[in-house]
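> Here's a structure for you.
The values are calculated or read from the model by the stated rules, or taken from the named source; none is laboratory data. Since the model is a prediction, treat every value here as computed from it, not as a measurement. Cβ: placed from backbone, ideal geometry, glycine included. Neighbour counts: every protein chain shown. Note: accessible area is taken over every heavy atom of the protein model, side chains too, but ligands, DNA and RNA are not part of it. Shrake-Rupley method; radii C 1.70, N 1.55, O 1.52, S 1.80 Å.
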Amino acid sequence: MTDALSFPDPTQLAIPFFVAAILIEFTWIALKHRGGRYETRDAVTSLIMGAGSVASGLVLGFIAYGFFMFLWSLTPLDLGTSLPVIALCFVLDDLRYYWVHRFGHRIRWVWASHVNHHSSQHYNLTTALRQTWTGTFTFKMVVSAPLILLGFHPALVLFCGGLNLIYQFWIHTEAIDRLPRWFEAVMNTPSHHRVHHGRNARYLDCNYAGVFIIWDKMFGTFVPEQASEKVDYGLVHNIGTFNPLRVAFHEWLSIWRDVTRPGLSLQQRLAYAFAPPGYSHDGSRDTSDRIKAKHLVRHPEDRGTPGFKGAADAGARGSVQQTL
């Protein structure tokens, strides 16, 4: 079994491409007056968040890598690094990303790390760089464990994860509309990912894919962009700041304030940390399911349309009638 294996860091190698693409997009928008909008303070905040994410990875990356190497020492399997193995690892790692991303929207502890990526009210290529500083503390590295135990070397898993992030960079734009139908059917695209960044009730908690949109179609979380409903970017409750420290840590501080409230049971304190974002013990806040349910009370004509299919509103219907 090979322990000493290394791959280049694809995200580091892609930095010149990131810079060039941002400049091209900015120039296109400035000349054509369409395809998105740049706001200087917002873009600078995103760039600072990206730099901070790289720094935190350099400082804390040994934790995930150490965990991966521990798992590698346990498995008797070694699939090697042939091109078919790399391709298979890339596909399975994207499935891993789908579930990590989905957990990031449905478990508040993980959302506290991911929320900063959704905090911009603009959608351009700099938004892609608005990455977390605290991903290590969500323990999402555990989701990669099956890949390593199946015989994919940790260095290969990290390499494929970097390729995944590079792919996702270009889909953070309004300058590209719809792509050919065959491509939209299989791959994640700017259209699909714009939906994911929407705060509209219809667009909440969907399109978690990194590279292949087929995962969302398989697991029932796909919502196509609607020509009749423009995406409204940002958070359900926007934080209204360009301060990178607040962007990075505001939800962690909110969790602390909620968990340490006086008079709560242990179950309620745990729910404030690990239940879906928007949970409250007294019903004073709304989860995404309740937001969708309230929308359907106001707009019953939307029932059964994309983003409102299924029974997301069933459990909240009784409380909705009391809170509207």
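> Please specify each residue of the stretch 216-239 satisfying the condition of being part of a loop (DSSP other than H, G, I, E, B) and closer than 15 Å to residue 117 by Cβ.
Listed by number, the residues that qualify are 234, 235, 236, 238, 239.
> Pick out, from the stretch 122-186, the helices (runs of 4 or more DSSP H) lying fully within it that include 1 or more residues that are surrounded by 18 or more Cβ atoms within 10 Å (Cβ to Cβ).
145-149, 154-169
> May I ask you to verify whether residue 65 is closer than 28 Å to residue 250 by Cα, touching a Phe, Trp or Tyr at 6+ places or on another chain (Cβ under 9 Å) and not hydrophobic (A, V, I, L, M, F, W, C)?
no
> State which residue is modelled with the highest pLDDT when the search covers only the stretch 1-45 and only residues that are farther than 19 Å from residue 126 by Cβ and of a type outside the set (A, V, I, L, M, F, W, C).
Residue satisfying both the conditions and the ranking: 10.
> Just the residues that are open to solvent by less than 10 Å² (accessible area, probe 1.4 Å) and out of contact with any Ser or Thr (no Cβ under 8 Å at 6 or more places or on another chain), please, taken from the stretch 197-222.
198, 203, 209, 210, 211, 216
> On the basis of being at pLDDT 95 or above and either assigned to a helix (DSSP H, G or I) or surrounded by 15 or more Cβ atoms within 10 Å (Cβ to Cβ) (or both), does residue 290 make the cut?
yes
> Now, a different point. Of the conditions (1) modelled with pLDDT of 95 or more; (2) part of a loop (DSSP other than H, G, I, E, B); (3) under 27 Å from residue 35 (Cβ atoms); (4) of a type outside the set (S, T, N, Q), residue 262 fails just one. Which one is it?
(3)
> Follow-up. Need at least 3 residues that are of a type outside the set (Val, Ile, Thr), in contact with a Ser or Thr (Cβ under 7 Å, 6 or more places away or on another chain) and open to solvent by less than 40 Å² (accessible area, probe 1.4 Å) per element, so show me which helices (runs of 4 or more DSSP H) inside the stretch 1-103 make the cut, counting only ones lying wholly within it.
Ranges flagged: 40-74.
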